[in-house]
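Input: a single structure, listed below in structure tokens.
The values are calculated or read from the model by the stated rules, or taken from the named source; none is laboratory data. For clarity, every value in this text was computed on a predicted model and none was experimentally measured. Side chains are part of the model used for accessible areas, which takes the heavy atoms of the whole protein and leaves out ligands, DNA and RNA. Shrake-Rupley method; radii C 1.70, N 1.55, O 1.52, S 1.80 Å.
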Amino acid sequence: MSGEPPTRADYVYLLPITTRWQDNDMHGHVNNVLYYSFFDTVVTQWLITEARHDVRTADVIGLCVDSHCSFHAPLTFPGVVDGWLRVGHIGRSSVRYEIALFTEGSDECAATGEFVHVYVNRDDRLPCEIPARLREALERLGARSCTTVDSR
């Protein structure tokens, strides 16, 4: 992810996340480690609710092998973070999730990030092909029609 920060229209799936008092650090903004937590929450919520791939029980699970975050603007408490998700690339056994965080009501992107998951068998942890049903859902996440989940 490079160049100008993206807009909301560049993404497909929206998950609003309410910030908590404990998210703030001594500088008065959400601590940087929480951005990765927000990324993980958006991806995992989408997998469970939209892709119907329950990461808690599925035979095939995604392991994060690479991640990245670029900070553009601070997030604060109290507030709602709009976590946006799309798929940037799907391979045989891997997928690159691309996430953008916005403060609710703002068009300024606060952060962009990526998670690369390699899908493996739960038992032996060996890479395997992404299951057909999950692949179909991932392909839809590359489209430009928006899905919104209200988690508040």
Quotient of Cα Rg and 2.2 N^0.38 Å for the range 71-133, N being how many residues it contains: 1.48
Helix-only [θ] at 222 nm, the chain, -39500 (n - 2.57) per DSSP H run of 4+, per residue, nearest 500, equals -4500 deg cm²/dmol
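Out of every Cα-Cα pair in the range 14-92, what percent are more than 20 Å apart?
Values: 1215 of 3081 pairs.
When all Cα pairs of the range 14-92 are counted, 39 percent exceed 20 Å.
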In the range 54-130, what percent of the accessible surface is made up of carbon and sulfur (1.4 Å probe, ligands and nucleic acids excluded)? 48 percent
On the full set of protein chains, 1.4 Å probe, figure out the accessible area of Phe71 and give it in Å² to the nearest 10. 110 Å²
Using only the alpha carbons of the chain, determine the length spanned along each of the three principal axes and report them from longest to shortest in whole angstroms. 44, 30, 30
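Quick check for you: with a 1.4 Å probe and neighbouring chains kept, what is the accessible area per residue of the range 8-78, in Å²?
Working: 3810 Å² over 71 residues.
Ligands and nucleic acids excluded, the figure is 54 Å² per residue.
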The chain, Gaussian network, Cα under 10 Å: of Arg140, Arg56, Arg20, the residue fluctuating most is Arg56
